[in-house]
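The values are calculated or read from the model by the stated rules, or taken from the named source; none is laboratory data. Only a predicted model underlies this, so the values are computations on that prediction, with no experimental measurement involved. We place every Cβ from the backbone using ideal geometry, glycine too, and count neighbours over all the protein chains shown. The accessibility values were calculated without ligands, DNA or RNA, using every heavy atom of the protein model including side chains. Shrake-Rupley method; radii C 1.70, N 1.55, O 1.52, S 1.80 Å.
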Amino acid sequence: MGFFRTVLGFFGFGVGVTMGLVIGYYLFIYFQPTDVKDPVIRPLVELDTKSLESMLPEVPHWVKNPDFDRIDWLNKFVENIWPYLDKAICKTAKEIAKPIIAENTAKYKIDSVEFETLTLGSLPPTFQGMKVYTTDEQELIMEPSIKWAGNPNITVVVKAFGLKATAQVIDLHVFALPRITLKPLVPSFPCFAKIVVSLMEKPHVDFGLKLLGADLMAIPGLYVFVQEIIKTQVANMYLWPKVLEVPIMDPAKAQKKPVGILHVNIVRAVKLTKKDFLGKSDPYVKLKLTEEKLPSKKTSVKRSNLNPEWNEDFKLVVKDPESQALELTVYDWEQVGKHDKIGMSVIPLKELIPDEAKSLTLDLHKTMDANDPANDKFRGQLTVDVTYKPFKEGDSDVDTSDESGTIEKAPDGTPEGGGLLVVIVHEAQDVEGKHHTNPYVRIVFRGEERKTKHIKKNRDPRWEQEFQFVCEEPPINDKMQIEVISRPPSIGIHSKENLGYVVISLADVINNKRINEKYHLIDSKNGRIQLEFQWRTS
């Protein structure tokens, strides 16, 4: 009986399990939803931005945004130079933090706050892409997308009330989108005067903080609280339009901005050498400052006179009194042919005492070479009165709210009610001549003519040349004509060509103090020229 009972139980179990599986499968099939459809497979290019970001949260900016460029080369460059950047950045950070620490230690009665260790570690940041802006100002604007999972070691020791506490920052993760502006661009290495940094959005900062050996970020709720405080504080300090400025060099020295005016009075000349075979010479004086590309100023011509008296005044804008000199050359005017040089002399500006008038009688020489035997011959003497008047303190204050351009005030000695008109010729675009394109710019103002250098075979020339005009009164009713001219090759039959011109009404310049615009050239198909005007008053 026991045997039969065991056999029947085994078969009963088998039947029960089999029936359960059949019934379960039937119920699964019967109650399966009928609205289930096969998934639709779409190419990634057909997905919208939000769908892509949800699927690929770590996709770099250069993929998501077409105006960001891929810059893998920069990542390789930073990787190689990172050990040196680490030291330079840490040094700069200490210098920036030093006055902030000094202010707060006195405020909260802390004995000292010092960096025990400060290193950014061996892992450099990576750039996910970069956007570059082009403006008409002398600046370069970049917006890199930065992600940094670093291994820094930043240890700060705080001493207060006889106690010592050590805080250590480790495992720093930073995601940021800064705007870095290099300005103004200058012709001296490294070619920019300062770095201006700001944040375009709140940064993401994740780090570990050890205090007395314990990780504070492990405390529940503290991590999120600290994150929000850091985001808020950093945003309050550096979120656009607030900026952090890091000076690199003095922009006034780098750009060689005007620092004063040299007043020159050409009084007389005596016993000038006779240059004409028949009759006396017709002398006049040309004067200019060395290291300047501006045309020389000239006195009037005194006919048939070897002892002429001019008593004519001139004003020259000084940029570097330590290296510049006043160059004076006396010529014999000729109606036909080249004017003969009678003699020359030079006055180094560093020998002049500021604001002190000085009368000098100079011997004229053939050249300024002290070893030239031709200088032993007497060529006459020239008497001049010179006064160097530098800018007074505060004359370089900003006169406009435009952050990209500063307007300096004119120095003492500028005519009362007048000022200094500055014209900066930046560049031209799409200029083209019929036979040649070697462009230069000619400026005509109140009968005075100035020219830039000419650039060979270039439809998009860049000059970056500055010209100054001292005005007795504001030229509010005056106009300035600016022409782009192509200089013919030295060998050829073609003459110079006019590539276009503009006529600028100076009333807007006087009222606005500064204008920087691109103008369409008249008589040119597509030509444009970028000009900057500044009106500086005392």
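Some values worked out for this structure:
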| item | result |
| --- | --- |
| Of the criteria (1) under 19 Å from Thr290 (Cα atoms); (2) assigned to a loop (DSSP other than H, G, I, E, B), which one Val346 fails | (2) |
| All positions within the stretch 76-113 that are closer than 19 Å to Lys164 by Cβ and open to solvent by 90 Å² or more (accessible area, probe 1.4 Å) | Tyr108, Lys109, Asp111 |
| Residue in the stretch 200-217 that is modelled with the lowest pLDDT, counting only those that are surrounded by 11 or more Cβ atoms within 10 Å (Cβ to Cβ) and over 17 Å from Phe175 (Cα atoms) | Met217 |
| Tally, over the stretch 498-520, of residues that are touching a residue at least 60 places away in the same chain (Cβ under 8 Å), more than 25 Å from the chain's Cα centre (by Cα) and assigned to a strand (DSSP E or B) | 2 |
| Verdict on Lys147 being modelled with pLDDT of 85 or more and either assigned to a strand (DSSP E or B) or surrounded by 15 or more Cβ atoms within 10 Å (Cβ to Cβ) (or both) | yes |
| Some residue of the stretch 91-113 being out of contact with any helix residue (DSSP H, G or I) (no Cβ under 9 Å at 6 or more places or on another chain) and outside any helix (DSSP H, G or I) | yes |
| Subset of the stretch 261-289 [farther than 18 Å from Leu364 by Cβ, modelled with pLDDT of 80 or more and not aliphatic (A, V, I, L, M)] | His263 |
| Count - residues of the stretch 169-179 that are in contact with an Asp or Glu (Cβ under 9 Å, 6 or more places away or on another chain), closer than 23 Å to Met237 by Cβ and surrounded by 15 or more Cβ atoms within 10 Å (Cβ to Cβ) | 7 |
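Condition check ((1) modelled with pLDDT of 80 or more; (2) surrounded by 18 or more Cβ atoms within 10 Å (Cβ to Cβ); (3) in contact with a strand residue (DSSP E or B) (Cβ under 9 Å, 6 or more places away or on another chain)) across all residues:
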| residue | (1), (2), (3) |
| --- | --- |
| Asn307 | yes, no, yes |
| Asn311 | yes, no, yes |
| Leu326 | yes, yes, yes |
| Thr361 | yes, no, yes |
| Pro373 | no, no, no |
| Asp385 | yes, no, yes |
| Gly405 | no, yes, yes |
